[in-house]
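Read the structure below first, then the notes.
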Amino acid sequence: MKHLLKLQDLTREEILSILNLADQLKYERNHGIPNDSLRGKKLGMIFQKASTRTRVSFETGIYELGGYGLFLSSHDLQIGRGEPVEDTARVLSRYLDGIMIRTFAQKEVEDLAKYGTIPVINGLTDYAHPCQVLADLMTVREYKGSFKNLKLTYVGDGNNMANSLIAGCIKLEMNVAIACPHGYEPDKAIVAWGKDTGRLTVTDDVEAAISGADVLYTDVWASMGMEAEREMRNRVFKGYQINPGNIKAAKNDVMVMHCLPAHRGEEITADVFEEHSAEIFDEAENRLHAQKAVMVKLMK
Ligand code: CP
Ligand code: NVA
């Protein structure tokens with residue numbers, strides 16, 4: 001494994017090995033055992049979109065491992081004024097030991113990896129959010145003990161989160177149900193792959209999708225970059241919500257997850273969110289541990 005561009009690129013063994021290291025790093029941190037596996041290493045963090053969790057968890061993560069993180073806003077970089085990705089990649093490769101990038105097009109992340117000579121980590125594109133799903137899988141295992149044949153139901157937009165959840169969960173032998181309005185399905189190729197495995201269903205029937213779920217997941221109806229569509233999307237997605245009515249169709253011990261930020265009253269009601277805040281904020285914490293594991297795997 002040279003980069004983390006999307007979960008489709010990783011084998012089941014590679015994913016499990018990241019999760020195992022993440023568990024170890026969490027244990028060490030909780031017990032005050034220092035781990036400076038990345039002493040002296042430098043991570044550049046390019047952000048073309050806003051972030052709370054990704055920025056802070058990568059920055060504190062590299063620091064805790066003995067390295068140094070550089071926050072690089074696209075407003076300040078020449079990339080924001082049109083310098084080609086292939087040049088940026090070659091220049092940054094001369095200074096840094098790794099790059100994390102959050103941007104719009106998946107191709108930009110792939111090109112950074114193609115033209116540079118250092119590991120590239122996808123910190124979210126319109127297509128994928130692999131770091132989030134590694135933390136999600138870590139959290140599922142903490143609560144459920146294993147993965148095999150658990151049912152994860154995702155309610156909402158077939159966006160970057162849905163794409164990465166399908167890839168990550170199915171590779172670990174979970175079953176995935178996506179409930180989304182017609183026309184808002186996840187990426188066609190990922191859906192075709194998921195359906196081939198026999199582990200994916202995609203439907204517009206929210207209750208049917210939630211039925212028997214072990215894990216319920218949702219995300220915002222309008223992702224970053226879709227601000228202009230917000231009002232229209234609020235109408236289209238009405239009903240694609242996790243609420244006290246439909247959650248009853250899930251298993252009694254269902255866990256509820258959200259990558260955050262959450263819009264209470266839209267994709268999830270405030271009461272369900274608060275009732276499941278333990279899982280949701282453990283999930284947010286696990287971004288730190290999972291990404292530290294990714295950095296150690298790629299940059300050590
Ligand atoms: N979940 C997530 O990636 O959060 P941020 O946008 O705050 O980084
Ligand atoms: N789908 C959301 C996820 C945010 C972490 C977005 O892309 O804005």
Anything in the stretch 195-245 that is more than 27 Å from Tyr143 (Cβ to Cβ), within 23 Å of the chain's Cα centre (by Cα) and of a type in the set (A, V, I, L, M)? List them, or say none. Ala222, Met224, Met226
Kindly indicate whether Met174 is in contact (Cβ under 8 Å) with a residue 12 or more places away in the chain, within 16 Å of ligand 1 (Cβ to nearest atom) and surrounded by 22 or more Cβ atoms within 10 Å (Cβ to Cβ). no
Of all residues being of a type in the set (A, V, I, L, M) and in a helix (DSSP H, G or I) in the stretch 110-160, which is nearest to the chain's Cα centre (by Cα)? Just the residue, please. Val133
Name the pairs: first residue in the stretch 40-55 and away from ligand 2 (no atom under 16 Å from the Cβ), second residue polar (S, T, N, Q) and outside any strand (DSSP E or B), Cβ to Cβ under 6 Å, at least 6 apart or on different chains? none
Would you please name the residue that is surrounded by the most Cβ atoms within 10 Å (Cβ to Cβ), looking only at residues in the stretch 245-269 that are of a type in the set (Asp, Glu) and within 14 Å of ligand 2 (Cβ to nearest atom)? Glu267
Working only within the stretch 56-73, note down all residues that are free of Cβ contacts under 8 Å to residues at least 40 places away in the same chain and either assigned to a helix (DSSP H, G or I) or within 16 Å of ligand 2 (Cβ to nearest atom) (or both). Val56, Glu59, Tyr63
Which residue, of Val85, Val155, Val91, is of a type in the set (Val, Ile, Thr), closer than 30 Å to Ala249 by Cα and either surrounded by fewer than 24 Cβ atoms within 10 Å (Cβ to Cβ) or more than 16 Å from ligand 1 (Cβ to nearest atom) (or both)? Val155
Does Ala167 meet the test of being touching a Lys or Arg at 6+ places or on another chain (Cβ under 9 Å), away from ligand 1 (no atom under 16 Å from the Cβ), at pLDDT 95 or above and outside any strand (DSSP E or B)? yes
Checking the structure you have, find out if any residue of the stretch 32-44 is over 30 Å from Ser146 (Cβ atoms), of a type in the set (A, V, I, L, M) and assigned to a strand (DSSP E or B). yes
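The values are calculated or read from the model by the stated rules, or taken from the named source; none is laboratory data. Model, not experiment: these values are computed from the prediction. Positions of Cβ are backbone-derived with ideal geometry, glycine not excepted, and every protein chain shown enters the neighbour counts.
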